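Notes to accompany the following structure.
The values are calculated or read from the model by the stated rules, or taken from the named source; none is laboratory data. Values in this document were obtained by computation on a predicted structure and should not be read as measured data. Backbone-built Cβ (ideal geometry, glycine too); neighbour counts: all protein chains shown. We work out accessible area using only protein heavy atoms, side chains counted, and drop any ligands, DNA or RNA first. Shrake-Rupley method; radii C 1.70, N 1.55, O 1.52, S 1.80 Å.
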Amino acid sequence: MHLDVQELRNFYYRSTLGRAVQTTVRAEIAEVWPEAKGQTVLGFGFAVPFLRPYLADARRVIALMPGPQGVIAWPQKMPNISVLCEETLWPIETGHVDKLLVMHGLEASERPADLLDECWRVLGPGGSALFVVPNRAGLWSRSDRTPFGSGRPYSQTQLETLLKSHSFLPERHLTTLYQPPSTRRFWRKTAGMWERLGGKLSVIAAGGVLMVEATKRVQAPRGPGLRATVRKPLSVLSPKPKPVGQI
């Protein structure tokens, strides 16, 4: 079930905890996608807090927001690039997206299989999709104070298995948000320390958010196909003797 877009906006732009999530998750996304010069970047769900770094250099940035969630105009004081759409029917041409960020989308969907099929359709050859979901083993999926406590959390194995079943090839995974989902002053002041130590403590304290980067896997054509029909394509370039009497 999708959260209301106003709840998401209030969390990310009007709360201390939400701004901390922006900073932390955006830094991890930048590790995966340091730039997108001349590329088409698409966000689905509520990805706008993490698309801003690509506005300057990307050829095009589009933010799709599903109908059950609602839509807000974004970015402020600039031409709007956010679009309200059907969850599994996007107004995007097939194979035209270079980078796809799915944030607060997959875990909230009632039709995750159809959603992944649409993700696969719009992603272009050599494109990269980044799926960000609540980590089943983390604290954030157990807290109602944040959007990560809503919807279906995943483990790394569950998410990668799901992606593989829809012709995606997982390339790498990351976890982040090791800081507790608390607004108390102590946790806010020490948030940076927990994030720096998070990788070393991941076995004990799992990150609240799981991120998996995947590429589009295209199946090789099966059957005899062209090989049975044209066994030696270059033979047409070889001279052939003509029968006597013919010119």
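Just the residues that are closer than 15 Å to residue 26 by Cβ and part of a loop (DSSP other than H, G, I, E, B), please, taken from the stretch 42-57.
46, 47, 51, 55, 56
Quick test for you: out of 105, 126, pick the one residue that is more than 13 Å from the chain's Cα centre (by Cα) and in contact (Cβ under 8 Å) with a residue 24 or more places away in the chain.
So the residue among 105, 126 that is more than 13 Å from the chain's Cα centre (by Cα) and in contact (Cβ under 8 Å) with a residue 24 or more places away in the chain is 126.
So, residue 8, is that one in contact (Cβ under 8 Å) with a residue 12 or more places away in the chain, under 23 Å from residue 110 (Cα atoms), of a type in the set (A, V, I, L, M, F, W, C) and part of a helix (DSSP H, G or I) or not?
When the stated conditions are applied, residue 8 passes them.
Could you list all residues from the stretch 90-122 that are over 23 Å from residue 150 (Cα atoms) and not in a helix (DSSP H, G or I)?
Passing the criteria: 90, 91, 92, 93, 94, 95, 96, 97, 98, 99.
Being under 18 Å from the mean Cα position of the chain (by Cα), closer than 27 Å to residue 177 by Cα, in a loop (DSSP other than H, G, I, E, B) and among the small types (Gly, Ala, Ser) is the requirement here; does residue 36 meet it? Walk me through how you get there before you give the answer.
On the way: under 18 Å from the mean Cα position of the chain (by Cα): yes; closer than 27 Å to residue 177 by Cα: yes; in a loop (DSSP other than H, G, I, E, B): yes; among the small types (Gly, Ala, Ser): yes.
Yes: the conditions hold for residue 36.
State which residue pairs qualify: first residue part of a helix (DSSP H, G or I) and inside the stretch 144-165, second residue β-branched (Val, Ile, Thr) in any location, beta carbons under 7 Å apart, and separation of 6 or more residues or different chains.
Within 7 Å, the pairs are 148/209; 159/133; 159/212; 160/212; 163/212.
Which count do you get for residues in the stretch 91-121 that are open to solvent by less than 10 Å² (accessible area, probe 1.4 Å) and farther than 21 Å from residue 134 by Cβ?
So the count comes out to 1.
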